[in-house]
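Remarks on the structure that follows.
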């Protein structure tokens, strides 16, 4: 444990990314007195406001979306603020980039570097720079964050005070492995799991707030089991989030926790009970929602 409370800064590509992939971990830090700031790089509206995308498809090429986009930006930012409050923090800052501006550019790097200089975080969390082989907006912001940390630690220009980030973590480093033949270019790995079993209910409730992406209700509960539950299985617990350190940890001795030592005497039945705990999938659905098989793909649709 550090000798003082620390400041975590998560650099997320889209609003929901501010907690979706590391929210349980952030909730733990808030609970122990640490501070959290979420930097949201893009508005998330053009790619992640799925209700708006459906309207655009229905309205066709003649539909003017720009006024609707501006209203949708406010809607997405407000729902992610509500979600993050459930997890215990509300310092959320929008950099305002468009989410169809997908290239690594100096203005994005500078904006993140400015946030690092201002906030002086002890830990920065962002996306893996080679997510989906580097060909994804998440990867763009992951790359910009690493480059920004380098700029922020230098002399800089003007009168800005520099800051060297001690630790950078990539969240969800293996979540998208297998989606295409370029995934991570062989660089993605998980070297840290955070057990979030005690806060998975909060994370489900937070996901319920993201209605513009239809995250609430059945999906939030299914996601808790198939994503956080999947990493939990690998971590020998019920629910977990996965991380990869950018640079190796330096310690005086080799690290081991009491939780790891306890496994020596833990009976196999007790271990399976721990891994088999179900919380997320059993959370009550919001009023008016239900599970449905209406959108199942019929077998004949898969015939070649």
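Annotations
- Applying the criterion of being closer than 14 Å to residue 213 by Cβ and touching a helix residue (DSSP H, G or I) at 6+ places or on another chain (Cβ under 7 Å) to the residues of the range 74-98, the residue that is surrounded by the most Cβ atoms within 10 Å (Cβ to Cβ) is 80.
- Note on the range 153-170: residues that are surrounded by 22 or more Cβ atoms within 10 Å (Cβ to Cβ) and either more than 16 Å from residue 247 (Cβ to Cβ) or at pLDDT below 95 (or both) total 0.
- Long-range neighbours under 7 Å by Cβ, at least six apart or interchain, first residue touching a residue at least 12 places away in the same chain (Cβ under 8 Å) and on the phi < 0 side of the Ramachandran plot within the range 141-161, second in a loop (DSSP other than H, G, I, E, B) and surrounded by fewer than 12 Cβ atoms within 10 Å (Cβ to Cβ): 153/164
- Within the option set 277, 260, being closer than 23 Å to residue 205 by Cβ and surrounded by 10 or more Cβ atoms within 10 Å (Cβ to Cβ) holds for one residue only, 277.
- Residues satisfying the stated conditions in the range 112-124, i.e. in contact (Cβ under 8 Å) with a residue 12 or more places away in the chain and assigned to a helix (DSSP H, G or I): 112, 113, 114, 115, 116, 117, 119
- Residues in the range 6-43 that are assigned to a loop (DSSP other than H, G, I, E, B) and closer than 27 Å to residue 232 by Cβ: 10 in all.
- Of all the residues in the range 45-65, those that are assigned to a helix (DSSP H, G or I) and either at pLDDT 70 or above or over 19 Å from residue 94 (Cα atoms) (or both) number 13.
The values are calculated or read from the model by the stated rules, or taken from the named source; none is laboratory data. As the structure is a computational prediction, the values presented were derived from the model and not from experiment. Because the Cβ atoms are built from the backbone with ideal geometry, glycine has one as well, and the counts that use them run over all protein chains shown.
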